[in-house]
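Have a look at the structure below, then the notes.
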Protein chains: 2
Amino acid sequence: MPNKILLGSLRQMTTGHTTQGFWRHPEAQSDRYNTLEYWIDHAKTLERGGFDFLFFADVVGALDVYQGSRDPSLSGAVELPMADPMLLISALASHTKRLGFAVTGSTTYEKPYLLARTYATLDHLTRGRIGFNVVTSALESAAINLGYDRQIPHDERYEIAEEFLEVVYKLWEGSWEDDAVVRDRANNVFTDPGKVHAIEHKGPRFSVPGIALTEPSLQRTPVIFQAGISSRGRRFAADHAEAVFLVNDSPVASARQVRDIRQLADEAGRRGADIKILSMATIVVAQTDEAALAKESDYRSYFDIDGQLAQLSALFGIDLSAAGLDDTLEHVETDSIRGMLEIYTKLDPDRTWTIREVAEANALGGAGALFVGSPATVADAMEQWLATSGADGFNIADPVPPLLSRDVVDLLVPELRRRGLVEPADDAEPLTLRERLLGEGHARTRAGEHPSASYRR
Amino acid sequence: MPNKILLGSLRQMTTGHTTQGFWRHPEAQSDRYNTLEYWIDHAKTLERGGFDFLFFADVVGALDVYQGSRDPSLSGAVELPMADPMLLISALASHTKRLGFAVTGSTTYEKPYLLARTYATLDHLTRGRIGFNVVTSALESAAINLGYDRQIPHDERYEIAEEFLEVVYKLWEGSWEDDAVVRDRANNVFTDPGKVHAIEHKGPRFSVPGIALTEPSLQRTPVIFQAGISSRGRRFAADHAEAVFLVNDSPVASARQVRDIRQLADEAGRRGADIKILSMATIVVAQTDEAALAKESDYRSYFDIDGQLAQLSALFGIDLSAAGLDDTLEHVETDSIRGMLEIYTKLDPDRTWTIREVAEANALGGAGALFVGSPATVADAMEQWLATSGADGFNIADPVPPLLSRDVVDLLVPELRRRGLVEPADDAEPLTLRERLLGEGHARTRAGEHPSASYRR
């Protein structure tokens with residue numbers, strides 16, 4: 001039975017991810033990001049808690065806008081050092097049976113012929129538990145190390161992404177027919193060559209004449225995740241995404257984005273209602289509301305405003321050190337900031353904010369939802385959020401791993417199970433990730449529901 | 001204690017690897033190449049047998065020279081379908097403690113900034129058990145799907161590889177000082193920014209101004225493996241390789257290559273004697289010589305000459321279907337074939353060979369050594385080979401997995417242990433891969449021994 005509230009774990013293979021400073025908490029283990037044991041423990045915790053997937057964000061550059069330097073990111077462990085989460089997946093899959101894995105891949109820096117093999121390999125190894133979080137990679141500090149003088153403009157990156165997905169859909173869906181591989185020892189035929197087709201892709205950006213190198217996997221196309229927040233990004237999501245990751249701190253603001261994406265998908269000939277929407281959330285749960293507030297207060301004492309400003313500066317593309325902490329945002333660069341405030345709705349664009357307030361507003365919960373309280377309080381708030389926003393579930397951050405994740409699994413999930421919102425602990429039948437999101441029988445994309453299916457023979 | 005005979009397992013994430021047709025044997029499991037369980041079983045078998053490493057070959061194109069078509073490769077499972085072995089490593093590492101992993105990476109198709117992160121991540125996750133088998137990727141069928149009109153010429157690929165290694169050495173060795181990462185919670189310093197340096201690489205082919213994204217791993221530079229057989233390839237190996245993989249069927253022919261590589265390394269200012277040489281071997285072992293011969297005969301009955309010719313045609317770059325099976329090689333293309341015969345010494349270049357004889361000479365053992373017999377017979381032959389050739393060990397193929405590998409571990413390794421050539425089963429201290437090859441204290445490359453060390457601060 002798929003969960004009625006989708007549960008994802010939002011992580012990155014680094015120490016400081018969604019918000020900064022919390023690695024210093026005495027019980028935090030985020031500095032073990034480069035060990036297998038740390039991640040295997042986390043994956044097992046999630047599986048025990050009925051989570052649908054572990055979502056790995058990824059970037060391939062240093063955050064270096066604040067103070068015009070990467071130094072604050074280095075000293076504060078702000079997404080640095082880091083490692084490549086793609087390489088963790090097979091280990092995590094070998095220690096779990098049901099947990100899905102959504103892993104970020106860049107359509108700007110990868111080659112589609114190789115990326116298709118990467119995700120197909122993981123779909124085989126995990127027996128269909130793989131998702132592909134499509135990013136177009138915004139960081140200039142990545143571009144300059146990857147063969148470009150400067151970052152490719154935003155909308156051009158999306159044009160590349162469109163053709164990139166066309167190529168990988170053709171490789172995943174159109175090259176090998178379902179019954180191409182026969183493994184017939186007696187007749188000496190492993191694959192029927194008549195059922196394997198060259199994709200003959202010739203576009204403005206990619207030329208891929210050949211066949212896919214991999215045989216069909218359970219899902220063929222991995223579940224497509226997307227998190228674009230620009231208008232171009234939303235159109236892209238409406239065309240391609242099966243799961244969209246949103247960052248809002250209010251369900252009302254989220255509701256606008258949810259409606260927008262689903263309407264765009266309907267207009268694109270898809271069923272917008274089928275697109276699963278995950279809201280970013282940070283959850284501090286304890287036996288009682290009071291105990292949860294005490295935990296929150298303990299965590300908050302480790303907040304690092306410099307680290308947070310380093311991350312926000314990279315996100316905004318504006319050096320927030322150009323003004324003092326108690327200066328208002330207008331001191332920095334008004335127009336661009338206004339746009340960011342509208343996206344990061346925690347910051348009401350009609351109010352005047354100081355730099356300090358901007359940073360502190362994002363402490364612990366980042367720009368997403370922050371739920372604090374007893375299991376019943378948090379479960380109520382989650383249900384209310386989903387009812388108001390129209391979203392389907394949460395991508396749950398953990399600034400103090402493994403503390404918040406363990407509490408969610410040990411304290412909140414039992415309450416969600418009691419309410420019938422999360423599958424029972426003993427419901428152990430493995431499903432593909434797509435089936436977890438869309439229900440049994442949905443191992444693969446369907447014609448009329450997703451563009452990849454149009455390339456299937 | 002490092003092994004006195006180095007033992008590697010030569011595999012590829014595909015069904016038909018070194019020789020063809022054997023997947024049809026009733027007990028062969030090579031068609032399970034796309035499952036985690038198959039590879040975890042294999043890794044555990046190797047660890048039980050005291051193997052030093054599991055070596056993964058890899059290509060990213062279809063073999064399509066024979067009959068001008070990929071169809072024979074598809075029907076015969078000749079390196080098709082396949083998957084990406086890089087993605088297996090973390091799972092295999094999580095189920096072993098001491099086995100090393102040498103994984104192929106292409107300097108022609110990868111970006112050095114990303115490849116450096118890939119291997120550094122694996123070196124962290126495996127605690128220093130990673131090797132990088134450097135290839136320049138010969139297949140035209142790969143090139144045309146990866147952004148090129150045709151394959152880049154051979155020597156130009158090696159020029160790219162030279163600069164590529166310079167970039168990744170700088171990233172692995174020169175960017176983060178050993179004590180850059182302090183993880184100091186009390187003083188809010190994760191990394192000391194003054195000890196992290198931009199590499200500022202600007203060459204004719206790559207521009208990489210930034211810092212490495214990863215912190216130092218146990219080995220920093222993964223152990224560099226190489227298998228180039230051209231004269232340019234040998235010079236490259238002499239400059240960079242710490243382990244060289246050779247394919248010869250006679251120890252005398254191998255001795256020439258071993259001397260050549262070590263002499264070139266001495267001339268390049270390295271210590272040629274430190275370069276570990278692995279000879280390809282296929283081993284059929286049983287309790288008695290007679291039983292081993294019976295096994296060999298059973299295996300050989302599954303040989304597929306069409307599949308073998310598909311593979312040899314791609315290797316030679318010549319369509320061997322252009323003549324009949326009983327025509328001599330001269331019917332195809334003399335000069336090029338002669339060069340190949342000299343390299344694949346199983347085929348004496350002074351004799352006249354038919355196409356059929358060429359294929360059958362490579363059955364079961366490929367172009368490498370083939371040892372058949374009782375444990376004592378095979379161990380004697382291995383010792384004799386190493387004494388004559390000057391090589392350090394073997395990269396052992398298994399055309400009928402898991403049968404040959406299991407017999408090696410269960411029957412041959414006890415004999416090698418009795419002779420003191422392989423470490424005892426209970427010698428369980430984990431070492432880095434470089435220490436397994438060069439001895440304790442060699443976790444990292446050393447100045448005067450390897451070019452990567454010159455970039456270390």
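Of the residues in region A:442-455, how many are crowded, with 20+ Cβ neighbours inside 10 Å and of a type in the set (Lys, Arg)?
Number of matching residues: 1.
For region A:4-11, state whether one or more residues are among the β-branched types (Val, Ile, Thr) and surrounded by fewer than 23 Cβ atoms within 10 Å (Cβ to Cβ). Steps first, answer last, please.
Taking region A:4-11 first, the residues among the β-branched types (Val, Ile, Thr) are A:5.
Narrowing the set further to residues that are surrounded by fewer than 23 Cβ atoms within 10 Å (Cβ to Cβ) leaves A:5.
Yes, region A:4-11 contains a residue that is among the β-branched types (Val, Ile, Thr) and surrounded by fewer than 23 Cβ atoms within 10 Å (Cβ to Cβ).
Considering only residues that are part of a strand (DSSP E or B) and open to solvent by 10 Å² or more (accessible area, probe 1.4 Å), which ones fall in region B:176-195?
Scanning region B:176-195 gives B:Val181, B:Val182, B:Arg183, B:Asp184, B:Val189.
Please report, ordered by residue number, the helices (runs of 4 or more DSSP H) entirely within region B:52-131 with at least 1 residues that are under 30 Å from A:Lys44 (Cα atoms).
Fully inside region B:52-131 and qualifying: B:89-94, B:112-126.
Tell me, please, whether a residue that is under 25 Å from A:Asn34 (Cα atoms), touching a residue at least 60 places away in the same chain (Cβ under 8 Å), at the interface with another protein chain (Cβ under 10 Å from one of its Cβ atoms) and hydrophobic (A, V, I, L, M, F, W, C) can be found in region A:83-97. Steps first, answer last, please.
Going through region A:83-97, the residues under 25 Å from A:Asn34 (Cα atoms) turn out to be A:83-97.
Cutting the leftovers down to touching a residue at least 60 places away in the same chain (Cβ under 8 Å) gives us A:83-85, A:88, A:97.
Narrowing the set further to residues that are at the interface with another protein chain (Cβ under 10 Å from one of its Cβ atoms) leaves A:83-85, A:88.
Among the residues that remain, those that are also hydrophobic (A, V, I, L, M, F, W, C) are: A:83, A:88.
Yes, region A:83-97 has at least one match.
Scan region B:396-412 for residues that are of a type in the set (Val, Ile, Thr) and surrounded by fewer than 23 Cβ atoms within 10 Å (Cβ to Cβ) and report the count.
1
To keep it simple, each residue is scored yes or no on (1) at pLDDT below 95; (2) not hydrophobic (A, V, I, L, M, F, W, C).
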site	(1), (2)
A:Arg271	yes, yes
A:Ile277	no, no
A:Met280	no, no
A:Asp289	no, yes
A:Ala292	no, no
A:Ser297	no, yes
A:Asp304	no, yes
A:Tyr344	yes, yes
A:Ala359	yes, no
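Determine which member of the set A:Ala120, A:Ala142 is at the interface with another protein chain (Cβ under 10 Å from one of its Cβ atoms), open to solvent by less than 10 Å² (accessible area, probe 1.4 Å) and in contact with a Pro (Cβ under 9 Å, 6 or more places away or on another chain).
The conditions single out A:Ala120.
If you go through region B:414-428 one residue at a time, how many are buried (at least 23 other Cβ atoms within 10 Å of the Cβ) and under 18 Å from B:Val372 (Cβ atoms)?
Count: 1.
Matching residues to (1) free of Cβ contacts under 8 Å to residues at least 40 places away in the same chain; (2) more than 23 Å from the chain's Cα centre (by Cα):
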{"position": "B:Ala273", "(1), (2)": "yes, no"}
{"position": "B:Ile305", "(1), (2)": "no, yes"}
{"position": "B:Gln311", "(1), (2)": "no, no"}
{"position": "B:Leu315", "(1), (2)": "yes, no"}
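Sort through B:Glu163, B:Glu173 and tell me the only one that's in a helix (DSSP H, G or I), over 21 Å from B:Thr432 (Cα atoms) and over 21 Å from the mean Cα position of the chain (by Cα). So that I can check it myself, show each step before the final result.
Numbers: B:Glu173 fails: over 21 Å from B:Thr432 (Cα atoms).
Exactly one residue qualifies, and that residue is B:Glu163.
Looking only at residues in region B:50-73 that are farther than 30 Å from B:Leu320 by Cα and crowded, with 24+ Cβ neighbours inside 10 Å, which one is farthest from the chain's Cα centre (by Cα)?
Result: B:Phe51.
Do we find that B:Ala102 is under 27 Å from A:Thr126 (Cα atoms), more than 7 Å from chain A (Cβ to nearest Cβ) and modelled with pLDDT of 95 or more in this structure?
So B:Ala102 fits the description; yes.
Under 6 Å by Cβ, and 6 or more places apart or on different chains, what pairs join a residue from region B:117-138 that is on the phi > 0 side of the Ramachandran plot with one that is crowded, with 24+ Cβ neighbours inside 10 Å and not in a strand (DSSP E or B)?
Once the first residue is on the phi > 0 side of the Ramachandran plot and sits in region B:117-138, its partners that are crowded, with 24+ Cβ neighbours inside 10 Å and not in a strand (DSSP E or B) give B:Gly128/B:Gln219; B:Gly128/B:Thr432.
Among the candidates B:Phe51, B:Phe22, which residue alone is over 22 Å from B:Glu360 (Cα atoms) and more than 8 Å from chain A (Cβ to nearest Cβ)?
Sole residue among the options that is over 22 Å from B:Glu360 (Cα atoms) and more than 8 Å from chain A (Cβ to nearest Cβ): B:Phe51.
Which count do you get for residues in region B:54-82 that are under 30 Å from B:Gly100 (Cβ atoms) and facing chain A (nearest Cβ under 8 Å)?
7
Given the residues B:Thr136, B:Thr108, which is the only one that is more than 9 Å from chain A (Cβ to nearest Cβ), buried (at least 24 other Cβ atoms within 10 Å of the Cβ), in contact with a strand residue (DSSP E or B) (Cβ under 9 Å, 6 or more places away or on another chain) and over 14 Å from B:Thr221 (Cα atoms)?
Among B:Thr136, B:Thr108, only B:Thr136 is more than 9 Å from chain A (Cβ to nearest Cβ), buried (at least 24 other Cβ atoms within 10 Å of the Cβ), in contact with a strand residue (DSSP E or B) (Cβ under 9 Å, 6 or more places away or on another chain) and over 14 Å from B:Thr221 (Cα atoms).
Any residue that is farther than 22 Å from B:Pro216 by Cα and either touching a Lys or Arg at 6+ places or on another chain (Cβ under 6 Å) or open to solvent by 20 Å² or more (accessible area, probe 1.4 Å) (or both) - is there at least one of those in region A:29-39?
no
Has region B:149-161 got at least one residue that is open to solvent by 50 Å² or more (accessible area, probe 1.4 Å), aromatic (Phe, Trp, Tyr) and closer than 30 Å to B:Val59 by Cα?
no
Restrict the check to region B:208-217 and report whether at least one residue is surrounded by 23 or more Cβ atoms within 10 Å (Cβ to Cβ), touching a residue at least 24 places away in the same chain (Cβ under 8 Å) and within 30 Å of B:Ser9 (Cβ to Cβ).
yes
Would you point out the residue of region A:189-211, among those that are in contact with a Pro (Cβ under 8 Å, 6 or more places away or on another chain) and under 30 Å from A:His154 (Cα atoms), that is nearest to the other protein chains (Cβ to nearest Cβ)?
Ranking the candidates gives A:Val208 first.
On the given criteria, is B:Asp184 among the acidic types (Asp, Glu) and farther than 18 Å from A:Ser69 by Cα?
Yes: the conditions hold for B:Asp184.
Could you please find all residues in region A:348-366 being in contact (Cβ under 8 Å) with a residue 24 or more places away in the chain, within 24 Å of the chain's Cα centre (by Cα) and not in a loop (DSSP other than H, G, I, E, B)? Let's see the steps before the verdict.
Step one: filter region A:348-366 for residues in contact (Cβ under 8 Å) with a residue 24 or more places away in the chain, giving A:352-356, A:358-360, A:362-366.
If we keep only those that are within 24 Å of the chain's Cα centre (by Cα) as well, we get A:358-360, A:362-366.
A:Val358, A:Ala359, A:Glu360, listed by residue number.
Mind checking which residues of region A:351-371 are open to solvent by 40 Å² or more (accessible area, probe 1.4 Å) and of a type in the set (Val, Ile, Thr)?
Step one: of region A:351-371, the residues open to solvent by 40 Å² or more (accessible area, probe 1.4 Å) are A:351-352, A:356-357, A:360, A:370.
Of everything in region A:351-371, just one residue is open to solvent by 40 Å² or more (accessible area, probe 1.4 Å) and of a type in the set (Val, Ile, Thr), namely A:Thr352.
With the condition kept exactly as written, say whether any residue in region B:145-168 is within 9 Å of chain A (Cβ to nearest Cβ), more than 30 Å from B:Ala243 (Cα to Cα) and in contact (Cβ under 8 Å) with a residue 60 or more places away in the chain.
Taking every residue of region B:145-168 in turn, at least one turns out to be within 9 Å of chain A (Cβ to nearest Cβ), more than 30 Å from B:Ala243 (Cα to Cα) and in contact (Cβ under 8 Å) with a residue 60 or more places away in the chain.
Filter region A:169-188 for residues that are at the interface with chain B (Cβ under 8 Å from one of its Cβ atoms) and either touching a residue at least 40 places away in the same chain (Cβ under 8 Å) or under 15 Å from B:Asn145 (Cα atoms) (or both) and give the result.
A:Trp176
The values are calculated or read from the model by the stated rules, or taken from the named source; none is laboratory data. Quick caveat: nothing in here was measured; it's all calculated off a predicted structure. Cβ coordinates were reconstructed from backbone atoms using ideal geometry, including for glycine residues, and neighbour counts include every protein chain displayed. When the accessible area is computed, the model is the full protein with side chains, heavy atoms only, and any ligands, DNA or RNA have been set aside. Shrake-Rupley method; radii C 1.70, N 1.55, O 1.52, S 1.80 Å.
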